[in-house]
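*Asks:* My structure is below; once you've seen it, I'll send some questions.
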Amino acid sequence: MWGLTDRKRFIMATTPPATSQPPFFLWMKQRRTELDISRTELADQVGCSLAMIRQLEQGRRRPSRQLAERLARSLQVTPDDWQRFLRAARAQIASAGPDDAEQDDAEEPRPQLGAGLLSPFACHGPLALPAEPLLGRERDLEAALDLVMSPEVQMLTLVGPGGVGKTRLAMQLAHRMRAAFAGQAYFIGLAGLADARQIPHAIAQGMQLLGVLAAPTPERLIAALSDRQTLLLLDNLEHLPESAPLIAALIQRCPGLKLIATSRSALHLQAERLYMVPPLSLPDSQGQPLSAALAIQAPAVRLFVDRAQRVHPSFALSDANAAAVVEICRRLDGLPLAIELAAARVRALPPHAMLERLDNRLDLLVGGMQDLPARQQTLRDLLDWSYGLLNQHEQQLFRQLAVFVGGWTLAAVESICTLDGEDAPPLIDTLSMLLDHSLVGERLLGDEDGFEMLGLIREYALEQLESSGDADTVRGQHAAYYLALVEQASGQLIHEQQRVWLERLEWAHDDVRAALSWLIERGDRRRALRLIGGVWRFWQFRNYQHEGLRWVDRVLDMPLAARDDLGDDVRAMCGAGWLAADCGQHQRASQLFSLAAARARRAEEWHALGMALHGVSAEAVSQGDSASAIASAEESLAIFRRLGDQEEMAWSLHHLGVALQFHGNDQTAIRLYEESLTLLRSLGHYWGQIQIMLMLAHVWIEQGEYARATALLDEALIRCHQQGYHRLTIETTRFLARAALDQGRYAQAAALCNSSLRLARSLQESNGVRWALAHLGQIELGQGLATRAQDMLAQAFAMTDVAQEPWAAAWLTAQLGHVAWHQGAHDLARMRYAESLRFYQQNSVRWGIPECLEGLGTLLALHAPAHDDERAVLLLAGAEALRRSLRHARPMPLREIVRQALGALRERLGADHFELLWAEGVQAPLDGAVAAALRAAIDEQPRVAAWQP
């Protein structure tokens, strides 16, 4: 509702001529946020484009009268304030003339305050066209270009003090070179990194190297770049000196790579070439007064005038002020950033008044004390001067904003920052003044408008924050805000807003890291665990699993706090368990889940125990222990039914279904999957729905319900693409291939399998690679290409850790048995079937037994030296009986072989005798069939003693 506070703030925002009040566009953004209306929703309500709303909230455009009226209704402006709202909305661009009032579209963008102080890019990505011309750097650009384009130069580092313009020169340089690399040029911003180990991820993210993002190691990055012609611009490298070995390795092993780096110091590599970026040149007055015409020829003066006119359009260089401007640029040593900061004040301080301030306040530290950071040797006193121009509340907010590592939103500022005193202005007013002072800049955060502070300015602000005595309080509020953010996001990462929240967490990730680091430093184990419990799914979806596990290790190594800490402890361990499982570290995952379950049980933390049991059940399936998997899933289901937690109940049903399906009880598994899917649909849990769809499709493929399975998989694949679920896309495509394979549609199956394989390889998703190779091997074998099948299946087997996934090893061994069967290596085939059969029997894995019985039975029927026809019939009949019990269809590759074997047996034994034996085999206990099969394998005395690829 529109309350008194809303109206007071609105009147302040729309009352001229008080320049200290917040501009209308900031009020509009805040009002929309308070009403919990997204920018997209507001655009739909008022009937305009999303781009229009964004530019209105940036103050770059003004609405038509009709649009302003619709905005007033959507923003719930009261009738008393309607006309004031319309006047403010229509008058927000001061330069609008009387004729503009009738325009239905928008004005040209107005000059953006502080735009020249913002870094060209906020993160990483393909190199873009520089936003503005480079002033006074023509000679530097040509000299650097001649140097870097030399064939023997692989790396050029632009070196110079902070604020000298290295990044802008590097951007222009890379843009000139882009055509030589067929557009393969990328900007990699390193300012936000605190550790050189994050550089591979930053480069992979900028280049969208999905395979490297899955596990961003130097070796994988080198492998990805080794055969490419690529230009990389590494910006702000000076705070990562430990990056030298990585950079050296990239240069040595990637011959098509060209690097441009910006840094305040050299890396001191043999292959590195340096180019010292000088300050902008100044006029040579030779002791004589300079006219405006002569002064403007100097790049430093041109820059000052250009930036001054952005904030004060009527400013002009004249003979009267030229000397003062030249002296200002001289005293600032021609440093572009310093000049821009000074020029931004020209509205309040004309050049002569500014010059007096410089006499009193500025003493640049060029060539100063060597024990200070490099950027403090050039701009510390300039920033002292800028800080001194702020009033008390502006200084307080400026200090507090230093707590942000990356970009931030208005909501974050209002949650974290506070101003002292009853007379304190609203935060939005003070933030607006910092924007005017160019100490804060605007930054687009996904679809949200946000703010940022340059690294140089932030370092200075951090010093002020530390000296104020408020640092711990502000960092505590910062940690609380990002903890709340990740906990809010955690519940959204699996629903329809997943992409929105993933993007929010991506741009907030540096601040989440900072919050987590501060909590660890403070010994706040409980809140650190809560933060991990909220963010681990983001780490999983965005391929930060290894980093996530490092954070978990740091937190779990902290001393255990009070008993009420155990619930958070268990949730963090469960998250770590799923991250470890994604990394193929099943033993570690099993240990984490088991430890979490034990702690939760001791503490009687039932919800946490149920979550831990999900992981225990999943890892028991990986070990082939269906009994333990069923027991753990049943216990978790009972817990969540008692607690009434429908989402976790759905996951318990899922895990119980998986365990029962693994045990061979498909019909019960189907019922559980369908119950789980119903719950997840009601909750809007898209990721979970797809998981259950895959399991249901798997059962239906096994039962020969191919049309039903394919329809469900097609639906799942559409959802995967809509939500960007790359890992689930791999599995869904593979199951579609499996459905085609079992029907003998080999060309279709191969196309689908290869699609799954390509995506899995691009993501370095080893499990997806393994199963795609396995199915490709089956496809080759179905077409009679045994040698190629052997190669594919051997690769899949080599990727399998027998100790961690013995069931997978058993299944692959049986497939290799089929290969040996086709290659005439009958003893090897018998040994492989027997090896798999023993595992299935000992672990009650009923679904794997029929295939082994059929392999041994067909060997006896078609290829044994002395045909043991009666035993062959009994084995094949036992397999048939078990398939009927399981309702498992015989896949096409086996179907024809079994048909041939049965025809041969019927012909040799006669129809009557065959039918008697068949009936006996169908009625015989399963254990008897398995024992007979193993005896058949042993009686043949195989000549091969061990498995061989």
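The values are calculated or read from the model by the stated rules, or taken from the named source; none is laboratory data. None of the values given here were measured: they were computed from a predicted structure. Glycine also receives a Cβ, built like all others from the backbone with ideal geometry; neighbour counts cover every protein chain displayed. Please note that ligands, DNA and RNA were not included when accessible areas were found on the heavy atoms of the full protein model with its side chains. Shrake-Rupley method; radii C 1.70, N 1.55, O 1.52, S 1.80 Å.
*Asks:* Loop only by DSSP, 11 or fewer other Cβ within 10 Å of the Cβ. Give me the GluC sites (Glu not before Pro) in the range 133-226 that pass, ordered by residue number.
*Replies:* On the way: sites: Glu138, Glu142, Glu152, Glu219; in loops: Glu152.
Hits after loop and neighbour filter: Glu152.
*Asks:* Here's a follow-up. Cα axis of helix 766-782 to longest principal axis of the chain: angle in degrees, 0 to 90, nearest 10?
*Replies:* In the chain, helix 766-782 runs at an angle near 40 degrees to the longest axis.
*Asks:* Going toward the positive end of the dipole of the chain, with +1 on Lys and Arg Cβ and -1 on Asp and Glu Cβ, which of Leu566, His655, Ala174 do you reach last?
*Replies:* My answer, from the dipole projection, is Ala174.
*Asks:* Using Cα atoms only, what is the angle between the long axis of helix 911-923 and the major principal axis of the chain, expressed in degrees (0 to 90) to the nearest 10?
*Replies:* It works out to around 50 degrees.
*Asks:* Ordering Asp912, Asp235 by how much accessible area each has at a 1.4 Å probe, largest first, what is the list? Intermediate values should be presented prior to the final figure.
*Replies:* Numbers: Asp912 125, Asp235 10 Å².
In descending accessible area the options line up as Asp912, Asp235.
*Asks:* For the range 690-710 and the range 852-915, what is the centre-to-centre distance using only Cα atoms, to the nearest Å?
*Replies:* Centre-to-centre (Cα) distance: 27 Å.
*Asks:* Enter the angle in degrees (range 0 to 90, nearest 10) between the Cα long axis of helix 138-148 and the first principal axis of the Cα atoms of the chain, meaning the one along which they spread out most.
*Replies:* 30
*Asks:* What's the center-to-center distance, using Cα atoms, between the range 744-775 and the range 204-266 in Å?
*Replies:* About 30 Å separates the Cα centre of the range 744-775 from the one of the range 204-266.
*Asks:* Pop out the ³J(HN,Hα) list for the range 610-624 in order, Karplus 6.51 cos²θ - 1.76 cosθ + 1.60 with θ = phi - 60°, rounded to Hz; leave Gly and Pro as x.
*Replies:* So the Karplus estimates, Gly and Pro as x, are x, 5, 5, 5, 4, x, 4, 5, 4, 6, 5, 4, 4, 8, x Hz.
*Asks:* I would also like to ask the following. Arrange the residues Tyr706, Tyr833 by how much accessible surface each exposes, largest first, with a 1.4 angstrom probe. Working shown, then result.
*Replies:* Values: Tyr706 30, Tyr833 0 Å².
Highest to lowest solvent-accessible surface, that is Tyr706, Tyr833.
*Asks:* So what is Rg over Rh here for the range 313-353, counting just Cα atoms and using Kirkwood for Rh?
*Replies:* Using only Cα positions, Rg/Rh for the range 313-353 is 0.93.
*Asks:* Between the range 616-666 and the range 520-595, what's the alpha-carbon centroid distance in Å?
*Replies:* 22
*Asks:* May I pose another question? What's the long-distance tail for the chain, i.e. % of Cα pairs beyond 36 Å? Walk me through the numbers on the way to the answer.
*Replies:* Values: 273110 of 449826 pairs.
Here the tail beyond 36 Å accounts for 61 percent of pairs.
*Asks:* Compute, for the range 469-557, the length of the dipole vector about the Cα centre, with Cβ point charges of +1 (Lys, Arg) and -1 (Asp, Glu) only. Units Debye, rounded to 20.
*Replies:* Roughly 220 debye for the range 469-557.
*Asks:* Let me ask another. Take the alpha-carbon positions of the range 469-557, form their convex hull, and give its projected area averaged over all directions (one quarter of the hull surface) in nm². Write out the running numbers ahead of the final one.
*Replies:* Working: hull surface 21.7 nm².
For the range 469-557, the mean projected area of the Cα convex hull comes to 5.4 nm².
*Asks:* Hey, another quick one. Only Lys, Arg, Asp and Glu count, each charged at its Cβ (+1, +1, -1, -1), so figure out the dipole size of the range 390-468 about its Cα centre, rounded to 20 debye. Show your work: numbers first, answer last.
*Replies:* Numbers: 3 positive and 15 negative charges, 49 e Å.
It comes to approximately 240 debye.
*Asks:* Relative to the present Cα-Cα distance, how much length would full extension add between Val802 and Glu138 at 0.36 nm per residue of separation?
*Replies:* So the chain would gain 232.7 nm between Val802 and Glu138.
*Asks:* Which one of Leu410, Ile849, Gly777 has its Cα pushed farthest toward the positive end of the charge dipole of the chain, where Lys and Arg give +1 and Asp and Glu give -1 at the Cβ?
*Replies:* Gly777
*Asks:* Dipole magnitude of the chain about its Cα centre, charges +1 at Lys/Arg Cβ and -1 at Asp/Glu Cβ only, in debye to the nearest 20?
*Replies:* On the way: 93 positive and 113 negative charges, 181 e Å.
The calculation lands at about 860 debye.
*Asks:* How much net charge surrounds Leu147 when only the other residues with a Cβ under 12 Å from the Cβ of Leu147 are counted, with Lys and Arg +1 and Asp and Glu -1?
*Replies:* Numbers: positive: Lys258, Arg273; negative: Asp140, Glu142, Asp146, Glu152, Glu272.
It works out to a net charge of -3.
*Asks:* May I ask for the percentage of alpha-carbon pairs in the range 134-273 that lie more than 28 Å from each other?
*Replies:* Everything past 28 Å amounts to 11 percent.
*Asks:* Taking a quarter of the surface of the Cα convex hull of the range 565-680, what do you get in nm²?
*Replies:* Numbers: hull surface 26.1 nm².
Over every viewing direction, the Cα hull of the range 565-680 projects on average to 6.5 nm².
*Asks:* While we're on this one: Give me the percent of DSSP beta bridges within the chain that run antiparallel, rounded to the nearest 5. Provide the component values of the computation, followed by the final result.
*Replies:* Working: 9 of 29 bridges.
Of those bridges, close to 30 percent are antiparallel.
*Asks:* Just the number please: accessible area per residue for the range 468-599, 1.4 Å probe, all protein chains included, in Å².
*Replies:* Values: 5010 Å² over 132 residues.
For the range 468-599, the per-residue accessible area is 38 Å².
*Asks:* A further question follows. Stokes-Einstein diffusion coefficient for the range 838-948 at 4 °C in a medium of 1.567 mPa s, Rh from the Kirkwood formula over Cα pairs: what value in µm²/s?
*Replies:* D = 92 µm²/s.
*Asks:* Further, regarding this structure: If every alpha-carbon in the range 834-886 counts as one equal scatterer, what log10 I(q)/I(0) does Debye give at q = 0.27, 0.31, 0.32 1/Å?
*Replies:* -1.00, -1.13, -1.16
*Asks:* If you don't mind, there's one more thing I want to ask. In square nanometres and to one decimal, what's the mean projected area of the convex hull around the Cα atoms of the range 24-89? Don't skip to the end; give the middle numbers.
*Replies:* Values: hull surface 15.0 nm².
Projected over every direction and averaged, the Cα hull of the range 24-89 covers 3.8 nm².
*Asks:* Net charge within 13 Å of Arg846 by Cβ-Cβ distance, Lys/Arg positive one each and Asp/Glu negative one each, not counting Arg846 itself? It would help to have the intermediate numbers written out before the result.
*Replies:* On the way: positive: Arg883, Arg884, Arg887; negative: Asp666, Glu702, Glu851, Asp927.
Surrounding charge for Arg846 is -1.
*Asks:* Tell me the mean residue ellipticity at 222 nm calculated for the chain from its helices only (DSSP H runs of n ≥ 4, each -39500 (n - 2.57), averaged over every residue, nearest 500).
*Replies:* On the way: 46 runs with 601 residues, N = 949.
It lands at -20000 deg cm²/dmol.
*Asks:* Please name which of His826, Leu246, Pro925 has its Cα lying farthest along the dipole of the chain towards the positive end, using unit charges on Cβ (Lys, Arg +1; Asp, Glu -1) and the Cα centre as origin.
*Replies:* His826
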